[in-house]
Amino acid sequence: MIRKLFLSLLFVSIFTIGSFAQTGKIEFEEYDLDNGLHVILQQDHTTPNIVVSVMYHVGSKNENPELTGFAHFFEHLMFEGTENIPRFQYDKYVSRAGGSLNANTSSDRTYYYELLPSNQLALGLWLESERMMHAKVEEIGIETQKGVVIQEKKQSYDNKPYGQILPETMAHAYTDHPYKWIPIGDEEHIRNAKTEDFVNFYKEFYVPNNAVLTICGDFKTEEAKKLIGDYFTAIPKGTKEIYRPNIVEPIKTAEVRDTVYDNIQLPAVIQAYHIPAMGTQDYYAASMLATLMSDGKSSRMNKSLVEEKQLALQMIAMPMPNEDPGLTLAFGIPNMGVDLKVLEDEMNKEFVRVQEELISDKEYQKLRNKIENELVSSNSTIARRAENLSTAYTYYKDTQRVNQELDKFFTVTREDIREVAKKYFTPENRVVLYYMPKTK
């Protein structure tokens, strides 16, 4: 359950297969409109479907510290309706056309998409242009979504077993950087925010010069370009300066340690190590280290701490793929009667082992095989491909990064894995939380 929760919140990968298996590369076309909207077109005629998506370069890290939760709030609000789409009708246009739609928010970006039959391209483009130009940011919708978002926070974080792990970890790990709060934000900030606060946020961030429009699937390029021109060229470029936080989290020189109490049955130990941002060479090595530690039954922590020593019920180690420097989380639930300190000491030993010894050639090859398989299989759909193309441009301003991910991983050596273990997976560079059941 915990691994699934973290994967749904944190995991991002960039690669593809499908109709590109012959070259191993995604073929796409991209260009900019005069209003700054970046457009990516990627054809795949294997199924009669399309994905129309827009990624806005705004996440929780772009928020005012006194008004958190806005990016996630707009993920909900922008389904409310527009000047030309009545309230509660946005999703019905898609469902009546035989499609589906969704959205998600991270610390760094917000993503909206429609999956539609290929003959509904115009519908998808109209819907997204309406959302960009004419979204209704008004009191009735804001009050409705305030209730929805506050209830979601209670269900997914406040009243859910282990739901506070991520908020508590981020709050302990960061002192300055806005990653110290998560996208769900603060309930009181949402409750007390004024309509004008939401209007200003919309005008600043939900503009064409802060967005990527990506179409993947079965469409004709010239038709798509014409429709994009019809629906998006009239949208004015944003006039407000877009806030990009340049806050650098201070280098950690001492371990942060705390105990957190929650409504849970089984305790847990959480370690959070500061690592570099997505796309850096050390990030790839840190990601491979996490895979080595806990991905699969034969991973080091699972084999040693779960199977052989029977100290833990479950072990997880995974990097958080953030645009700015992030974390790798190591998480363990002890077996009945096992003290958290005992489990933590054994976790530490596994990291020290990687620092002192090169992993074997067999483990190294297994790592490469696993990563290759996951990168390929994780993006066999046009939906994932559209998101990954959008992410590459949004984070790096280089869409071709989608075709370089596997090479980036494959440049990581056994020595690199040992070096990132020495550099980042140290006591002074981590947070340790003991997550304990509340006492009655």
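The values are calculated or read from the model by the stated rules, or taken from the named source; none is laboratory data. None of these values were measured; they are calculated from a predicted model. When we count neighbours, we look across all protein chains shown, and the Cβ atoms used for this are built from the backbone with ideal geometry, even at glycine. Please note that ligands, DNA and RNA were not included when accessible areas were found on the heavy atoms of the full protein model with its side chains. Shrake-Rupley method; radii C 1.70, N 1.55, O 1.52, S 1.80 Å.
Find the all-direction average of the projected area of the Cα convex hull for region 207-292, expressing the result in square nanometres with one decimal place.
Approximately 12.6 nm², given one-decimal rounding.
If every alpha-carbon in the chain counts as one equal scatterer, what log10 I(q)/I(0) does Debye give at q = 0.08, 0.09 1/Å?
Debye intensities relative to I(0), on a log10 scale: -0.48, -0.61.
Might you report the magnitude of the Cβ-based charge dipole of the chain about its Cα centre, with Lys and Arg at +1 and Asp and Glu at -1, to the nearest 20 debye? Could the numbers behind the result be given before it?
Details: 49 positive and 63 negative charges, 185 e Å.
Using Cβ point charges on Lys, Arg, Asp and Glu, the chain gives about 900 debye.
Projected area of region 222-265, taken from the Cα convex hull and averaged over every viewing direction, in nm²?
The Cα convex hull of region 222-265, projected and averaged over all directions, gives 9.7 nm².
If each Cα of region 288-361 is one equal point scatterer, what is log10 of I(q)/I(0) from the Debye formula at q = 0.11, 0.13, 0.14 Å⁻¹?
So the normalised log intensities are -0.27, -0.38, -0.44.
Please compute, for the alpha-carbon atoms of region 328-372, the extent along each of the three principal axes and give them in descending order in Å.
Cα spread of region 328-372 along its principal axes, largest to smallest: 37, 23, 19 Å.
Kindly provide the trypsin sites (Lys or Arg not before Pro) of region 237-305 that DSSP labels as loop, not H, G, I, E or B, and whose Cβ sees at most 10 other Cβ atoms within 10 Å.
Listed in order of number, the matching sites are 297.
For the charge dipole of region 68-123, defined by +1 on Lys and Arg C-beta atoms and -1 on Asp and Glu C-beta atoms about the Cα centroid, which residue among 76, 107, 97 has the Cα displaced farthest towards the positive pole?
97
Once you have the alpha carbon radius of gyration of region 47-125, what is it after dividing by 2.2 N^0.38 Å, with N set to its residue count?
Relative to the 2.2 N^0.38 Å estimate, region 47-125 comes out at 1.21.
For the charge dipole of the chain, defined by +1 on Lys and Arg C-beta atoms and -1 on Asp and Glu C-beta atoms about the Cα centroid, which residue among 206, 317, 413 has the Cα displaced farthest towards the positive pole?
317
How many angstrom separate the Cα center of region 202-242 from the Cα center of region 127-161?
Cα centroid to Cα centroid, the span is 23 Å.
GluC sites (Glu not before Pro) within region 292-374: which are DSSP loop residues with at most 14 other Cβ atoms inside 10 Å?
357
Check the straight Cα-Cα distances from residue 438 and name the aspartates and glutamates below 16 Å, setting aside those fewer than 8 residues away within the same chain.
Within the straight-line cut-off, residue 438 pairs with 158, 168, 258, 262.
Which one of 151, 120, 314 has the biggest mean-square fluctuation once the chain is modelled by GNM with Cα springs under 10 Å?
Comparing 151, 120, 314 in the GNM, the peak value goes to 151.
Per the Kirkwood treatment, what hydrodynamic radius in Å, one decimal, follows for region 106-194 from the mean inverse distance over all distinct Cα pairs?
Computed over region 106-194, the radius equals 15.9 Å.
Report the net charge of residues surrounding residue 394, where surrounding means a beta-carbon distance below 9 angstrom and charges are Lys +1, Arg +1, Asp -1, Glu -1.
Numbers: positive: 109, 397; negative: 108, 323.
Here the charged neighbours net out to 0.
Dividing the alpha-carbon radius of gyration of region 158-261 by 2.2 N^0.38 Å (N being the number of residues), what value is obtained?
Details: Rg = 20.5 Å, N = 104, 2.2 N^0.38 = 12.8 Å.
Ratio of Cα Rg to 2.2 N^0.38 Å: 1.60.
Going through the cross-link list 180/408; 61/408; 61/136; 297/370, which pairs have a Cα-Cα distance over 19 Å in this structure?
Violating the 19 Å limit, Cα to Cα: 180/408; 61/408; 61/136.
How large is the convex hull of the Cα atoms of region 275-409 per residue, expressed in Å³ as a whole number?
Value for region 275-409: 118 Å³ per residue.
I need the Kirkwood Rh of region 60-172: take the reciprocal of the average 1/r across all distinct C-alpha pairs and report it in angstrom.
15.6 Å
In terms of the ratio Rg/(2.2 N^0.38 Å) built on C-alpha atoms, what value belongs to region 374-432?
Normalised Cα radius of gyration, region 374-432: 1.50.
Could you work out [θ]222 nm for the chain from helices alone, using -39500 (n - 2.57) per DSSP H run of at least four and dividing by all its residues? Round to the nearest 500 deg cm²/dmol.
One gets -12000 deg cm²/dmol as the mean residue ellipticity at 222 nm.
What Rg and what Dmax come out for region 181-225 when only alpha-carbon atoms are used, in angstroms?
Just the Cα atoms of region 181-225 yield Rg and Dmax of 17.2, 48 Å.
With a 1.4 Å probe and every protein chain kept in, tell me what percent of the accessible surface of region 369-413 is carbon plus sulfur.
Values: 800 of 1700 Å².
Carbon with sulfur: 47 percent of the solvent-accessible area.
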